[in-house]
1. Filter the stretch 91-126 down to residues that are part of a helix (DSSP H, G or I) and surrounded by fewer than 17 Cβ atoms within 10 Å (Cβ to Cβ) and give me whichever is modelled with the highest pLDDT.
2. Being free of Cβ contacts under 8 Å to residues at least 24 places away in the same chain and part of a strand (DSSP E or B) is the filter; apply it to the stretch 42-66 and report the residue that is farthest from residue 131 (Cα to Cα).
3. Could you say whether any residue in the stretch 136-154 is closer than 18 Å to residue 45 by Cα and touching a strand residue (DSSP E or B) at 6+ places or on another chain (Cβ under 9 Å)?
4. Kindly evaluate residue 165 against the criterion of being over 30 Å from residue 33 (Cα atoms), in a helix (DSSP H, G or I) and modelled with pLDDT of 90 or more.
5. For the structure I just gave you, tell me whether residue 127 is in contact with a helix residue (DSSP H, G or I) (Cβ under 7 Å, 6 or more places away or on another chain) and either free of Cβ contacts under 8 Å to residues at least 40 places away in the same chain or within 20 Å of residue 20 (Cα to Cα) (or both).
6. From the list 101, 140, which one is farther than 21 Å from residue 58 by Cα and touching a residue at least 40 places away in the same chain (Cβ under 8 Å)?
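The values are calculated or read from the model by the stated rules, or taken from the named source; none is laboratory data. For clarity, every value in this text was computed on a predicted model and none was experimentally measured. Every residue, glycine as well, gets a Cβ built from its backbone with ideal geometry; the counts of neighbours run over all protein chains shown.
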């Protein structure tokens, strides 16, 4: 329901790499070490370009399929010390020399549904800027259309995508 509420159409969820993304009906939500509640959550493993786990990303939601009303509905656990960057791998079954990369899982699922490409979601704008693709793939970057701000007049998502494009 969360993805439908975010405007993501019908997706064949059997094509998603289910080892990387899970729905958890009840997950504890902490801030500064204090338990503030329990919510349904989408939990995703983030891996580096070589497939090694780097961290876990959590999106806390409600039973109505909207982000939970907490200060940080999207959280990442600390990264492994030697493995700072990673992405949530959302794969379309089959082999492809093209890899789409997005900032968030919502954009990744929309891209996967529309273009049938394997997609990795970086998790946030900073991690998108520093994304390291695996060897031998052509990367297509899909930017989030964020609101402009003083720091990012084009929007943070587009600024980060342009920085990644320049670096690659």
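1. That would be 126.
2. It comes out as 43.
3. There is no residue in the stretch 136-154 that is closer than 18 Å to residue 45 by Cα and touching a strand residue (DSSP E or B) at 6+ places or on another chain (Cβ under 9 Å).
4. yes
5. Taking the combined requirement at face value, the residue does not satisfy it.
6. 140
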